[in-house]
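Visitor: Below is a structure I'd like to ask you about.
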Amino acid sequence: MAGSDVLVVGGGIIGLAAAWEAAKRGFRVTVVEKEGFGGQASGAAAGMLAPYSENPEGPDPFFRLCLDSLSMYPEFVREIEETSGMDAELRRTGSLGVALHEADLLPLLSRSAWQLAYGASCELVDADALRRLEPRLAAGAAGGLWCPAESHVQAPKLVRALEEACRRSGVALLGNAGDVTDFEIVREAGVSLATERLGKLSAGRAVLCTGAWSASWARWLPLSIPVHPVRGQICAYEGAASEVRHMVFSSQAYWVGKNDGSLVCGASEDVAGFERSVTAQGIGRLTRWSGRMFPFLAGVGPLRSWAGLRPATRDGWPLIGPVPEVPEVIVAAGHYRNGILLSPATAALVGDMLDGKGAGAAYGNAFAPDRFTRRKGAAG
Ligand code: GLY
């Protein structure tokens, strides 16, 4: 019955990356997306490839996954650009974790103490060095942590390039399909899925890359998928990118300059269900912090603001792996703040799973989709 070998559900960065990887491994792949490709969290993201800044606590399987993915990024982007003929704007600016006050230095110090052993090549810099690195920062900033290994991409452009690379690699891309209305596992034959606008599709296996919308799949699977949306409000100052050389992080916000001249400032973390509007409070907080960090932005209103829904899990780690007792279905969702960064490593794991390799073991099965619901003592 299978129309394709692999049906990827969800056309964000994770779904497209998984589809591309599967196609490269010789599978016939279809991606079904309810709206436009990259129209949700992937298209809203600031595109930071920042495993060190995003993981201040300590080395764990999630940090290792982030590092592995960062190391895959240059080749991932090169191949996508070569196949698509499009530019994803990978910029190796490095990052600066800025302490506006002395008290903010301690977390940067403890972060650098353990991250040096993991290739961060980061360096604590005093107030003078900080201003030489980033001259438009607030004069009173106490110091910072410079991390040259971190970089960023223009996420919407990366998604468009990946979509085109998929198309040119023979992936069938079915956008604007509407909601999934039915899903069935047909033993020994694969899966069958119906959507509002496309009717019935069938495939040997399915990969669920449904981001913040993943929880609703529990109605068709013997697994609860505890993913919920956390809104990220974000804004951009036009023409300000040339004033800021690095990705800059504070404890309250981050700033990233893009090739089009915009300086992106993000992001709130608020729970508002599936609401994607911005609020005066959310954007106001970002503009206040922008003025504190960069005095030239004080009183300046951003020209654009938008929001995306991060797919959050209870422990902040993604769900990557087969559904227990349903090997036809693989989940790759819940990437929360790091979907752009984690797309190549997730795609490689999904590719290995499709190839029948025991892929999750490399990370101690830390991302198993049933880790919240498994009975104590049960295997896996
Ligand atoms: N990766 C940054 C954010 O989610 O805001």
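The values are calculated or read from the model by the stated rules, or taken from the named source; none is laboratory data. Just so you know, these numbers come straight off a predicted model, no measurement behind them. Glycine also receives a Cβ, built like all others from the backbone with ideal geometry; neighbour counts cover every protein chain displayed. Accessible surface areas use protein heavy atoms only, side chains included; no ligands, DNA or RNA. Shrake-Rupley method; radii C 1.70, N 1.55, O 1.52, S 1.80 Å.
Visitor: Can you tell me which of 42-49, 221-228, 28-35 comes out highest on packing, and rank the rest after it, using the mean Cβ neighbours within 10 Å?
Guide: Output ranking for 42-49, 221-228, 28-35: 42-49, 28-35, 221-228.
Visitor: Normalise the Debye intensity by I(0) for region 174-297, one equal point scatterer per Cα, no solvent, then take log10 at q = 0.15, 0.18 Å⁻¹ and round to two decimals.
Guide: Treating every Cα as an identical point scatterer, log10 I(q)/I(0) equals -0.80, -0.93.
Visitor: Determine the shape class of region 21-73: with a ≥ b ≥ c the square roots of the Cα gyration tensor eigenvalues, call it rounded for a/c under 1.5, and otherwise prolate if a/b is greater than b/c, oblate otherwise.
Guide: Judged from the Cα gyration tensor, region 21-73 comes out oblate (a/c at least 1.5, b/c at or above a/b).
Visitor: Mind listing which GluC sites (Glu not before Pro) in region 134-236 are in a DSSP loop and have 16 or fewer other Cβ atoms within 10 Å?
Guide: Qualifying residues, ordered by number: 188, 196.
Visitor: Also, quick follow-up: How large is the accessible surface per residue of region 1-58, computed with a 1.4 Å probe and reported in Å² as a whole number?
Guide: Here the per-residue accessible area is 28 Å².
Visitor: Report, to the nearest whole %, how much of the accessible area of region 139-256 belongs to carbon and sulfur atoms, 1.4 Å probe, protein only.
Guide: 46 percent
Visitor: Nearest 10 degrees is fine. How inclined is helix 61-84 to the longest principal axis of the chain, computing both from alpha carbons?
Guide: So the helix axis and the longest Cα principal axis differ by about 80 degrees.
Visitor: Next up: List the lysines whose Cα sits under 27 Å from the Cα of residue 34, skipping any in the same chain fewer than 8 residues away.
Guide: Partners found: 24, 157, 200.
Visitor: Given the DSSP H assignment, sum -39500 (n - 2.57) over each helix run of at least 4 residues in the chain and divide by its residue total; what's the result at 222 nm in deg cm²/dmol, nearest 500?
Guide: Theoretical 222 nm ellipticity from helices: -8500 deg cm²/dmol.
Visitor: Would you grab the residues whose amide H sits under 5 Å from the one on residue 181? Only those 5+ places off in sequence or on another chain, please, with H modelled 1.01 Å from N.
Guide: 194, 195, 196
Visitor: Please calculate the 1.4 Å probe accessible area of residue 118, with all protein chains present, and give it to the nearest 10 Å².
Guide: 90 Å²
Visitor: Shifting gears a bit: What are the semi-axes of the equivalent ellipsoid of region 132-171, taken as the square roots of 5 times the eigenvalues of the Cα gyration tensor, listed largest first and rounded to whole Å?
Guide: 40, 11, 6
Visitor: Then there is this: P(r) for the chain, please, calculated from all Cα pair distances in 20 Å bins and given in %.
Guide: That works out to 29, 56, 14, 0, in percent per bin.
Visitor: Check each of the trypsin sites (Lys or Arg not before Pro) in region 110-187 and keep only those in coil by DSSP with at most 13 other C-beta atoms within 10 angstrom; list them in order.
Guide: Within region 110-187, the qualifying trypsin sites (Lys or Arg not before Pro) (loop, at most 13 other Cβ atoms within 10 Å) are 187.
Visitor: Do any cysteines in the chain lack another Cys Cβ under 4.7 Å, and if so which?
Guide: Within the chain, the cysteines lacking a partner Cβ under 4.7 Å are 66, 166, 209, 235, 265.
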